Amino acid sequence: MTGSRFGNLFSVTTFGESHGPALGAIVDGCPPGLPLDVSDLQGDLDRRRPGQSRYTSQRHEADRVEILSGVFEGVTTGTPIGLLITNTDARPGDYREIAEVLRPGHGDYPYLMKYGRRDFRGGGRASARETAMRVAAGAIARKYLALHMGIEIVGWLDGIGSLRYAGMPPRVRPDNDFFAPDARWLAPIAELIETLRREGDSVGARVGVIAYGVPAGWGDPVFDKLDATLAHALMSIGAVKAVEIGDGIEVAFQRGSEHRDAMTPLGFVTNHAGGILAGISTGQAIRVYLAFKPTSSIRLPIATVGSDGKPRELEVKGRHDPCVGIRGVPIAEAMMALTLMDHALRQRGQNGEVIPPMRPIPGTREQE
């Protein structure tokens with residue numbers, strides 16, 4: 001299978017299936033000398049893992065990560081970092097009765113048509129379980145970016161159901177079950193999730209992620225634009241159906257006089273572009289939004305077909321998230337970190353000795 005590797009100079013290759021014995025990753029390109037131990041990774045994994053509250057999947061995985069290589073005496077050595085998470089609550093038998101039935105809204109049908117066979121145990125490689133390794137690898141990138149460049153990455157739940165956040169992007173990562181930036185959302189979201197559980201339904205979500213402190217000059221002007229590689233990274237997350245940079249889709253309804261970001265000696269006036277122009281970072285905060293589709297695994301029956309092509313009716317059972325977008329927040333942060341880390345090394349390799357002919361223009365006062 002191709003496509004299990006992400007990044008160029010800082011790369012991540014993942015392996016493993018949702019209900020197999022383990023998940024793993026190889027992280028290559030991490031500079032030597034970075035202080036690193038499992039506690040640096042475990043915090044982000046704990047934010048992503050299922051079973052922590054009644055509002056997410058009740059699969060109870062500890063998601064305890066092991067560092068198998070690439071770290072010696074507490075610091076990275078510059079060699080590949082091997083990571084492993086053992087699956088402790090896999091239940092492949094839960095999926096036996098749908099082994100010959102294709103789940104609408106899932107990858108079952110195209111997967112079968114591509115490979116001629118499929119891993120029906122929760123989707124195999126197509127499962128959201130795979131993202132645990134992205135979060136572990138992303139924690140390495142996040143620490144390097146924070147320690148060496150002062151970059152902070154913050155994700156939040158920007159919208160769910162009828163709720164849509166209208167405030168400024170948060171400066172610190174929200175610390176609650178829903179990654180909600182507004183505490184007034186907590187009760188309405190809990191009520192929505194409970195209603196969905198009773199009805200056997202699900203809902204989509206909008207997630208925001210912002211990177212503070214990215215300097216001007218990262219990215220390339222043609223195929224490897226910073227926003228293009230970010231879109232690639234974030235669209236690779238399962239259930240993501242749209243990615244917006246800055247004002248995103250709203251730019252289609254703006255005038256040029258409204259959209260362009262004026263510059264003054266004191267700084268940018270606005271940040272409609274989301275911190276990227278011509279595929280290159282401007283020094284402003286990089287702001288991105290993702291749209292997660294509703295979970296397809298729900299109790300409500302739906303017409304489908306079996307792998308024999310004959311009509312069936314399906315009612316999915318098992319442990320599933322009423323809203324996958326909630327746990328998508330730390331995954332989005334991880335993919336942002338991996339993308340920025342790769343561009344940081346690219347910039348250092350090609351333009352590390354470039355001296356800009358002018359002082360950087362500060363970002364907007366609000367840093368949005």
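Tell me, which residue of region 147-187 that is within 16 Å of the chain's Cα centre (by Cα) and of a type in the set (Asp, Glu) is nearest to Val324 (Cα to Cα)? Filtering region 147-187 for residues that are within 16 Å of the chain's Cα centre (by Cα) and of a type in the set (Asp, Glu), the one nearest to Val324 (Cα to Cα) comes out as Asp158. Within region 297-321, the residues that satisfy the criterion of being out of contact with any strand residue (DSSP E or B) (no Cβ under 9 Å at 6 or more places or on another chain) and either among the aliphatic types (A, V, I, L, M) or under 21 Å from Leu234 (Cα atoms) (or both) are Ile298, Leu300, Asp321. For beta carbons closer than 6 Å, sequence separation of 6+ or different chains, a first residue in region 100-119 that is under 16 Å from Ser18 (Cβ atoms) and a second that is assigned to a helix (DSSP H, G or I) and of a type in the set (A, V, I, L, M), the qualifying pairs are Gly107/Ala126; Arg118/Leu112. For region 252-311, filtered to residues that are of a type in the set (S, T, N, Q) and within 30 Å of Glu100 (Cα to Cα), the residue that is farthest from the chain's Cα centre (by Cα) is Ser307. Contact annotation: residue pairs with Cβ atoms under 8 Å, 6 or more positions apart or on different chains, pairing a residue in region 300-317 that is in contact (Cβ under 8 Å) with a residue 24 or more places away in the chain with a partner that is in a loop (DSSP other than H, G, I, E, B) and small (Gly, Ala, Ser), are Leu300/Gly200; Val316/Ser296; Val316/Ser297.
Restricting region 196-236 to residues that are at pLDDT below 95 and part of a helix (DSSP H, G or I), the residue that is surrounded by the fewest Cβ atoms within 10 Å (Cβ to Cβ) is Arg198.
Based on what the data block shows, is Arg164 free of Cβ contacts under 8 Å to residues at least 40 places away in the same chain, farther than 30 Å from Ile26 by Cβ and surrounded by fewer than 20 Cβ atoms within 10 Å (Cβ to Cβ)?
Details: free of Cβ contacts under 8 Å to residues at least 40 places away in the same chain: no; farther than 30 Å from Ile26 by Cβ: yes; surrounded by fewer than 20 Cβ atoms within 10 Å (Cβ to Cβ): yes.
No, not satisfied.
For region 86-107, the condition of being within 22 Å of Ile26 (Cα to Cα), part of a strand (DSSP E or B) and more than 18 Å from the chain's Cα centre (by Cα) holds for at least one residue.
Any residue in region 208-223 that is acidic (Asp, Glu) and over 30 Å from Lys317 (Cβ atoms)? Give the derivation first.
In the first step, residues of region 208-223 are kept if they are acidic (Asp, Glu); the result is 220.
Subsequent filtering for residues that are over 30 Å from Lys317 (Cβ atoms) retains 220.
Among the residues of region 208-223, at least one is acidic (Asp, Glu) and over 30 Å from Lys317 (Cβ atoms), which makes the answer yes.
For region 48-68, state whether one or more residues are under 24 Å from Arg346 (Cβ atoms) and modelled with pLDDT of 85 or more.
Step one: list which residues in region 48-68 are under 24 Å from Arg346 (Cβ atoms), which gives none.
Checked region 48-68: no residue is under 24 Å from Arg346 (Cβ atoms) and modelled with pLDDT of 85 or more.
Residues in region 235-257 that are touching a residue at least 12 places away in the same chain (Cβ under 8 Å) and either of a type in the set (Asp, Glu) or closer than 10 Å to Ala291 by Cβ (or both): Ala239, Val240, Lys241, Ala242, Val243, Glu244, Asp247, Gly248. Considering only region 28-52, state which residues are under 23 Å from Val75 (Cα atoms), buried (at least 20 other Cβ atoms within 10 Å of the Cβ) and either among the aromatic types (Phe, Trp, Tyr) or in contact with a Pro (Cβ under 7 Å, 6 or more places away or on another chain) (or both). Within region 28-52, just Asp44 meets the criteria.
The values are calculated or read from the model by the stated rules, or taken from the named source; none is laboratory data. In this text, all values refer to a predicted model and were calculated from it rather than measured experimentally. Here Cβ is always computed from backbone atoms with ideal geometry, including for glycine, and neighbour counts include all displayed protein chains.
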